[in-house]
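Remarks on the structure that follows.
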Amino acid sequence: MDKFKNMLKPKPNPQQLLRDWQRKLRQECRNIERQIRDVQREEKSVQKAIREAAKRNDIGSAKALAKEIVMSRKAVNRLYENKAQLNSISMHLGESVAISRTVGHLSKSAEVMKLVNNLMKAPEMAATMQEFSKEMTKAGVIEEVVNDALDTALDSEDIEEETEEEVDKVLSEIAGETAAQLPEAVRKERVRVPAQRGSTSHEEEAIAEGADDEEELEEIRARLARVRS
């Protein structure tokens with residue numbers, strides 16, 4: 001009986017489908033904008049932590065935080081790209097609906113197919129675009145999307161070297177004068193090494209300070225990870 005009712009239920013017209021899709025696309029764009037604002041707001045607190053770490057000669061923590069900023073900025077760039085592609089999908093869907101008024105039905109769009117496929121490769125958009133692709137395939141706008149694995153055949157050493165250069169640029173940008181005044185050996189440090197000399201109380205104080213710094217660093221990393229996801 002339910003199957004019979006579904007057969008009699010009129011299919012949504014192209015204009016209605018377009019309105020529904022564009023509403024969902026606008027919502028996704030707003031979600032992306034909010035995520036970008038969250039990441040950028042969190043970056044300001046990280047910049048402050050970098051300057052403080054540089055002032056106390058803790059270049060290891062400063063570099064670790066600078067790397068987090070590099071990752072966050074790359075995430076923001078990806079989000080902007082995702083938003084641009086969502087807007088392009090909305091535009092091409094509008095064109096498809098306009099054509100449907102002439103031909104009487106929705107035609108397949110190679111551009112929409114390409115954009116949907118690209119967005120499905122973005123981890124943060126995969127689930128949303130999977131749902132979109134099902135609806136658009138059913139409506140005849142695109143063919144069934146095959147989500148190929150993203151090609152990651154890049155040399156890891158080259159990536160690491162590129163990231164290290166970007167980290168140094170961020171460090172120079174945020175704490176340039178302070179970092180520049182440090183000895184070269186200290187600037188190249190990756191992990192802070194506690195002093196071997198000094199009284200027992202000074203050693204305990206340094207260890208406690210280091211533990212606090214490490215906890216703060218992990219807390220900042222966790223916050224950035226949350227806003228990037």
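The values are calculated or read from the model by the stated rules, or taken from the named source; none is laboratory data. The model shown is predicted, which means the values in this text are computed figures rather than measured ones. Glycine gets a Cβ as well: all are built from the backbone with ideal geometry, and neighbour counts include every protein chain shown. Each accessible area value is taken on the protein alone, full model and side chains, heavy atoms only, with ligands, DNA and RNA left out. Shrake-Rupley method; radii C 1.70, N 1.55, O 1.52, S 1.80 Å.
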Among all residue pairs at least 6 apart or on different chains, which show Cβ distances below 6 Å where the first residue, located in the stretch 83-111, is farther than 30 Å from Gln35 by Cα and aliphatic (A, V, I, L, M) and the second is modelled with pLDDT under 85 and part of a helix (DSSP H, G or I)? Val97/Pro14; Leu106/Pro14; Leu106/Ser96; Leu106/Ser100; Leu106/Ala139
Could you say which residue among Lys44, Lys48, Lys5, Lys55 is open to solvent by 80 Å² or more (accessible area, probe 1.4 Å) and modelled with pLDDT under 85? Lys5
Yes/no for Leu25 being open to solvent by less than 80 Å² (accessible area, probe 1.4 Å) and either within 18 Å of Ala222 (Cβ to Cβ) or modelled with pLDDT of 90 or more (or both): yes
Answer with yes or no whether Met129 is open to solvent by less than 10 Å² (accessible area, probe 1.4 Å), closer than 29 Å to Arg226 by Cβ and aliphatic (A, V, I, L, M). yes
Could you identify the single residue in Glu157, Glu131 that is assigned to a helix (DSSP H, G or I), modelled with pLDDT under 75 and not polar (S, T, N, Q)? Glu157
Among the residues listed as Lys24, Lys44, the single one being of a type in the set (Lys, Arg), out of contact with any helix residue (DSSP H, G or I) (no Cβ under 6 Å at 6 or more places or on another chain) and touching a residue at least 60 places away in the same chain (Cβ under 8 Å): Lys24
Taking the stretch 98-113, which residues are assigned to a helix (DSSP H, G or I), surrounded by 12 or more Cβ atoms within 10 Å (Cβ to Cβ) and at pLDDT below 80? Ser100
